[in-house]
Amino acid sequence: MSLVRAVRGMNDLLPAEMAKWAWVESTFAVALSRAGFAEVRTPIVESTPLFVRAVGETTDVVEKEMYSFVHHDDALTLRPEGTAGAVRAYLEHTVHAREAITRWYYNGPMFRGERPAKGRYRQFYQIGAEILGDQGPGCDAELIDLLHGVLQALRIPDVEVIVNSLGGPTTRDRYREALVQYFEPLKDKLSADSQRRLTTNALRILDSKNTGDRDLAANAPTLHEFLSPEDEAHFALLRRSLDALGTPYRVEPRLVRGLDYYTRTLFEMKASRETLGAGDTVLGGGRYDGLVAELGGPQAAAVGFAAGLERLVIASRFDPPTRVTDAYVVPLGDAARFLALTLGRELRAHGCFVEIDTRGTSLKSQLRRADSLASRFALIIGDAELAEGVVVVKDLVEHSQSKVATANVAAHVAKVCARGAQ
Ligand code: HAM
């Protein structure tokens, strides 16, 4: 019978990979907690109109990539990103009425029906954070610097920090008009997708992956010519704050990002193309000062980011330690097995990593398993040892062996493996 396989672009994460994943996740979570972010978990499924309104009807994500379905007359979507759900929860629980500033982070699976490639999947994990209630560029700089620091801690080489300002809604409208004027005479040379974008959302042409579109976009007007004095002052203060922090960055006037909710500050961090190929953007974010009001809430400025965990794991040069086994308990016979279970529990209470062989197989096969786990000790209990009240403690690294009174075994192993009681 043929095997049932995982859905294309949706991957299993096997134990061999999980040590690195857990390390990346905890490095991020610790750094964010230290900066006052608290964890939030929102549902994976939300109502479809939430994403249409928040992310934007004419974005690639909403137009082409969402996993949407109707269930008992409800239009639902597997979340393609985390910001919309976080803002929905912020409003639904009237958090804005209780907190002047809210700092949340989240970690979980997102879904986009993109063409799978290295670093680009249909189910992928994001760790992200949102700051709601602060409109100044100070927290943008704080966030960018914090993220740059985390990528260093994750040992991701050659990180490039790119920033830009999209301005407020008026700036964006004026810029959009200028782009239409610029691209209109070149319309026939644009890809079919970009020709369509010219009428729906001209800003998206700058995001196009088509090389012909990119060449044409190279001479398009840049946003900076359209920034209002307030937008300019906001962006200048962001750059001065980053300079004061010594955070390296490059201003990229053509950075627009693919989601419609952004205003003013935009940023992305890239790792080397050699390791990640086309999916070299490990994280992206920016300001979305209009979204809370757009979703029916009060006027509340906000900024946030999300990082793709798969991309971080691929780009990180960290080799996590392999799994540790301090002791492998080898009982010979039924009576010994009861003692093995008790001894295993006691060892774990001493902070040790222990496996117990409960298969009832031969000494030879149990020792083979202890070897394959690279266990430091094999703790052998046979009838003679049971009668004597001892355990044979075989040190598989020093190649030595001694008898230790059963009551002292846990302390002995814990001392050698330098582990304290939990
Ligand atoms: P985004 O740029 O769409 O932003 O995604 C953020 C990160 O998620 C990307 O930089 C990338 O690392 C990862 N990512 C996106 N799509 C995929 C994919 N198909 N496969 C693997 N990784 C992927 C957002 O999602 C915004 N919600 C970020 C944000 C939060 N802005 C403000 N607050």
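FYI, it's all coordinate maths here, none of it is from the lab. Note that this is a predicted model, so its numbers are computed, not measured. Here the Cβ is made from the backbone with ideal geometry for all residues, glycine too, and neighbour counts use every protein chain on show.
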Final fewest-first order of SER191, SER26, SER2 on the 10 Å Cβ neighbour count is SER2, SER26, SER191
In degrees rounded to 10, the 0-90 angle between helix 169-183 Cα long axis and the longest Cα principal axis of the chain is 70
Going from the fewest other Cβ atoms within 10 Å to the most, one would list MET10, MET269 as MET10, MET269
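How high is the relative contact order of the stretch 59-104? Use alpha-carbon pairs under 8 Å, at least six apart in sequence, and give a whole percent.
Details: 20 pairs, mean separation 9.4, N = 46.
Relative contact order comes out at 20 percent.
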Among VAL324, GLY119, TYR261, the residue whose Cα sits farthest towards the positive end of the charge dipole of the chain, when +1 is placed on the Cβ of each Lys and Arg and -1 on the Cβ of each Asp and Glu, is VAL324
Those GluC sites (Glu not before Pro) from the stretch 72-171 that are DSSP loop and have at most 13 other Cβ neighbours within 10 Å turn out to be GLU99
Projected onto their principal axes, the Cα atoms of the stretch 42-175 stretch, largest extent first, over whole-Å spans of 45, 43, 35
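Filter the cross-link list LYS187/LYS270; LYS20/LYS64; LYS64/LYS189; LYS118/LYS189; LYS118/LYS187 down to pairs whose alpha-carbon distance in this structure exceeds 28 Å. Don't skip to the end; give the middle numbers.
Working: LYS187/LYS270 31 Å; LYS20/LYS64 32 Å; LYS64/LYS189 23 Å; LYS118/LYS189 30 Å; LYS118/LYS187 32 Å.
With Cα atoms farther than 28 Å apart: LYS187/LYS270; LYS20/LYS64; LYS118/LYS189; LYS118/LYS187.
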Only helices counted: for the chain, with every DSSP H run of 4 or more residues adding -39500 (n - 2.57) and the sum spread over all residues, [θ] at 222 nm is -11500 deg cm²/dmol
Computed about the Cα centre, the charge dipole of the chain from +1 Lys/Arg and -1 Asp/Glu charges at the Cβ has a magnitude in debye, to the nearest 20, of 980
With Cα coordinates, the longest principal axis of the chain makes an angle with the long axis of helix 15-34, in degrees rounded to 10, of 60
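Taking the Cα centre as origin and putting +1 on Lys and Arg beta-carbons and -1 on Asp and Glu beta-carbons, what dipole magnitude results for the stretch 29-188, to the nearest 20 debye? Please list the in-between numbers first.
Numbers: 18 positive and 23 negative charges, 79 e Å.
For the stretch 29-188, the charge dipole is close to 380 debye.
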Nearest 10, in degrees from 0 to 90: the angle of helix 363-372 to the longest Cα principal axis of the chain is 30
With +1 on the Cβ of every Lys and Arg and -1 on the Cβ of every Asp and Glu, the dipole magnitude of the stretch 349-405 about its Cα centre, in debye rounded to the nearest 20, is 180
Rounded to the nearest Å, the spacing of the alpha-carbon centers of the stretch 134-160 and the stretch 87-112 is 21
As straight-line cross-link partners of LYS394, the qualifying lysines (C-alpha separation under 18 Å, not fewer than 8 residues apart within one chain) are LYS364, LYS403, LYS415
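With the contact rule set at Cα under 8 Å and sequence spacing of 6 or more, what percent relative contact order holds for the stretch 331-394? Write out the running numbers ahead of the final one.
On the way: 56 pairs, mean separation 24.0, N = 64.
Rounded, it is 37 percent for the stretch 331-394.
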Volume per residue (Å³) of the convex hull spanned by the alpha carbons of the chain is 213
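With contacts defined as alpha carbon pairs under 8 Å and 6 or more residues apart, what's the relative contact order of the stretch 85-189 in percent?
Working: 63 pairs, mean separation 18.6, N = 105.
About 18 percent, as a whole number.
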